[in-house]
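Data block below; observations after.
The values are calculated or read from the model by the stated rules, or taken from the named source; none is laboratory data. Small disclaimer: the values here were computed from a predicted structure and weren't measured. Because the Cβ atoms are built from the backbone with ideal geometry, glycine has one as well, and the counts that use them run over all protein chains shown. The area values use the complete protein model at the heavy-atom level, side chains included, leaving out ligands, DNA and RNA. Shrake-Rupley method; radii C 1.70, N 1.55, O 1.52, S 1.80 Å.
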Amino acid sequence: MKKLIYILILLVASVSARAAINATMVWETRTTGAQTNGGGYKPGASGSDFSQQDAAQYALTGVTTAAADAICLSASAAADMVGNTCYIVSGTNFTVGWYEIISVSVGVSFTLDRNCTSAAGAAGVINIGGAFKFGGALDDDFTEAVVAGNTSYVKNGSYTLSESISQTSVGTAAAPITWIGYNAARNDACNGDNRPFFTCDAYTFTFGGYSIFKNIRITATNASGFNLGAYSEFYNCKSTQTGAATRHAFTGTSNTRFIFCEGISTNGNAFNMTAQCRAISCYAHDSVTGYNFTSYGTAVLNSIADTCTTGIVTAGNYGWEILGNTIYNCTTGISGTTSYYGSVINNIITGCTTGASWTTNELINFWGFNCWNNTTDRSNVTEGVSEITGNPLLNDPANGDFTLQSGSPCLDAGLQIGTNLGAVGDYKQNVGADGDDNTAAGTGGATAYMGNF
């Protein structure tokens with residue numbers, strides 16, 4: 001019986017403690033960090049921020065507690081520890097996991113945000129400070145330590161996951177959970193190869209609702225890559241899915257936004273979207289489907305679909321919008337299946353076998369101001385108002401330049417505010433993703449947002 005009780009105690013101690021960390025905590029991840037580092041600091045705390053360094057500032061051994069307690073006894077206790085997170089590595093009756101240091105009695109003890117032992121603790125091994133490093137057995141445990149309102153910074157470099165990441169903590173509208181990649185300094189310009197890169201292979205990122213993911217690249221083979229809960233956002237992220245099964249580069253549940261993101265899925269959807277999702281200024285290419293709607297109120301705005309079996313699919317939903325996009329070199333540009341009460345406005349559909357095809361009777365709020373240049377422009381789709389038929393004169397779409405040449409019929413041809421409405425000014429815009437109304441190609445910084453990828 002004593003042996004059984006001892007085993008149970010060890011099992012309890014081995015389970016990572018779930019956090020009661022402060023909502024303002026800021027975490028740090030680096031390739032030069034360590035799995036068992038503290039990894040975080042609360043801005044404004046009275047201590048010193050030891051998270052933005054490679055190694056732990058304090059590597060304590062022999063830590064004790066008097067009982068089941070949050071007070072850790074150590075002669076090394078120092079005032080600059082306050083506000084840092086620590087990682088409890090091991091110890092008799094200690095519960096492994098991440099904790100926040102909320103106060104210190106210098107030379108005597110430091111107090112954590114919650115109890116860290118189940119009874120009097122002995123031989124505690126605790127690391128304070130230092131950045132975390134993804135790529136080991138504690139990957140998922142680390143994300144579980146993050147709570148609503150926290151921000152986690154990830155420094156540029158290459159990380160390889162050894163397990164799936166599933167953050168069950170859910171943010172709120174006022175306190176989302178935010179992950180931000182950076183190059184050399186937090187919040188710097190971080191585009192292209194300057195963004196941190198995760199090799200996921202069979203593993204995946206799955207995060208709860210109200211999450212924000214910025215400036216991150218991943219590649220995966222056997223699982224859908226990025227998955228965020230409701231009311232979440234991807235910004236300036238890239239996901240490449242090369243698995244043999246039907247997997248997706250990005251998956252968003254209701255009210256997820258994709259902004260300035262690039263998706264590639266060899267056998268699935270670059271962007272798989274449910275109710276009221278938005279893809280804004282995104283780039284989907286070399287995928288089975290670029291943008292896939294599976295529910296109502298979804299929209300693709302000012303985005304590009306390039307070399308996909310189908311550029312945009314609207315299936316079994318209503319209230320969707322396809323506005324100001326460029327769809328190029330797809331077998332089918334836009335496909336609708338029992339999809340109704342949506343709008344298709346200001347789009348270029350060019351170089352496709354079929355521009356648009358509906359499998360049931362067309363029930364669409366508005367078709368108009370689109371440019372068609374395909375083998376077959378429409379199948380079971382009625383021509384809309386002010387449509388353009390002919391070459392849109394894209395600059396170099398085969399090499400990713402979807403801006404308009406001078407003389408393009410799409411310049412100044414988009415839907416605009418009528419002068420009869422009493423508004424004053426020039427409200428003209430182009431058809432397609434190159435949305436400004438410049439008369440010369442590429443002037444005024446119009447690059448179809450490709451510079452972000």
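Of the strands (runs of 3 or more DSSP E) lying entirely inside the stretch 235-275, the ones with 1 or more residues being over 10 Å from the mean Cα position of the chain (by Cα) are found at 238-241, 262-265, 269-273.
Here are some residues: ASN222, ASN187, ASN127. Which one is in a strand (DSSP E or B) and either within 19 Å of GLY40 (Cβ to Cβ) or out of contact with any His (no Cβ under 9 Å at 6 or more places or on another chain) (or both)?
Numbers: ASN222 fails: in a strand (DSSP E or B); ASN187 fails: in a strand (DSSP E or B).
Unique residue meeting the criteria: ASN127.
Within the stretch 319-334, can one find any residue that is over 27 Å from ALA244 (Cα atoms), open to solvent by 10 Å² or more (accessible area, probe 1.4 Å), more than 19 Å from the chain's Cα centre (by Cα) and not small (Gly, Ala, Ser)? The answer is yes, given that some residue of the stretch 319-334 is over 27 Å from ALA244 (Cα atoms), open to solvent by 10 Å² or more (accessible area, probe 1.4 Å), more than 19 Å from the chain's Cα centre (by Cα) and not small (Gly, Ala, Ser). Taken over the stretch 81-98, residues that are in a strand (DSSP E or B) and closer than 19 Å to ALA137 by Cβ amount to 10.
Checked against (1) at pLDDT 95 or above; (2) surrounded by fewer than 21 Cβ atoms within 10 Å (Cβ to Cβ); (3) not aromatic (Phe, Trp, Tyr), CYS72 meets all criteria but (2).
Scan the stretch 50-70 for residues that are under 38 Å from the mean Cα position of the chain (by Cα) and either closer than 10 Å to ILE128 by Cα or among the hydrophobic types (A, V, I, L, M, F, W, C) (or both) and jot them down. Hits for the stretch 50-70 are PHE50, SER51, ALA55, ALA56, GLN57, TYR58, ALA59, LEU60, ALA70.
Please go through the stretch 156-171 and pick out each residue that is touching a Gly at 6+ places or on another chain (Cβ under 8 Å) and either open to solvent by less than 50 Å² (accessible area, probe 1.4 Å) or not aliphatic (A, V, I, L, M) (or both). Passing the criteria: ASN156, TYR159, THR160, LEU161, SER162, GLN167, THR168, SER169, GLY171.
Can you give me the number of residues within the stretch 271-300 that are among the hydroxyl-bearing types (Ser, Thr, Tyr) and modelled with pLDDT under 95? Working first, answer last.
Let us first name the residues in the stretch 271-300 that are among the hydroxyl-bearing types (Ser, Thr, Tyr), namely 274, 281, 283, 287, 289, 291, 294-296, 298.
Going one step further and asking which of them are modelled with pLDDT under 95, we end up with 274, 294-296, 298.
Going through the stretch 271-300 one residue at a time, the tally reaches 5.
A Cβ distance below 8 Å, combined with a sequence gap of six or more or placement on separate chains, defines the contacts here; from the stretch 235-252, residues that are under 14 Å from TYR203 (Cβ atoms) reach residues that are of a type in the set (Asp, Glu) in the pairs SER239/GLU262. Among the residues making up the stretch 119-138, those that are surrounded by fewer than 22 Cβ atoms within 10 Å (Cβ to Cβ) and under 23 Å from THR168 (Cβ atoms) are GLY135, GLY136, ALA137. Filter the stretch 351-373 down to residues that are more than 18 Å from VAL385 (Cα to Cα) and modelled with pLDDT of 95 or more and give me whichever is least open to solvent (accessible area, probe 1.4 Å). This residue is CYS352. Quick check, is THR376 touching a residue at least 12 places away in the same chain (Cβ under 8 Å), surrounded by fewer than 24 Cβ atoms within 10 Å (Cβ to Cβ) and among the hydroxyl-bearing types (Ser, Thr, Tyr)? Considered against the rule, which asks whether it is touching a residue at least 12 places away in the same chain (Cβ under 8 Å), surrounded by fewer than 24 Cβ atoms within 10 Å (Cβ to Cβ) and among the hydroxyl-bearing types (Ser, Thr, Tyr), THR376 comes out as yes.
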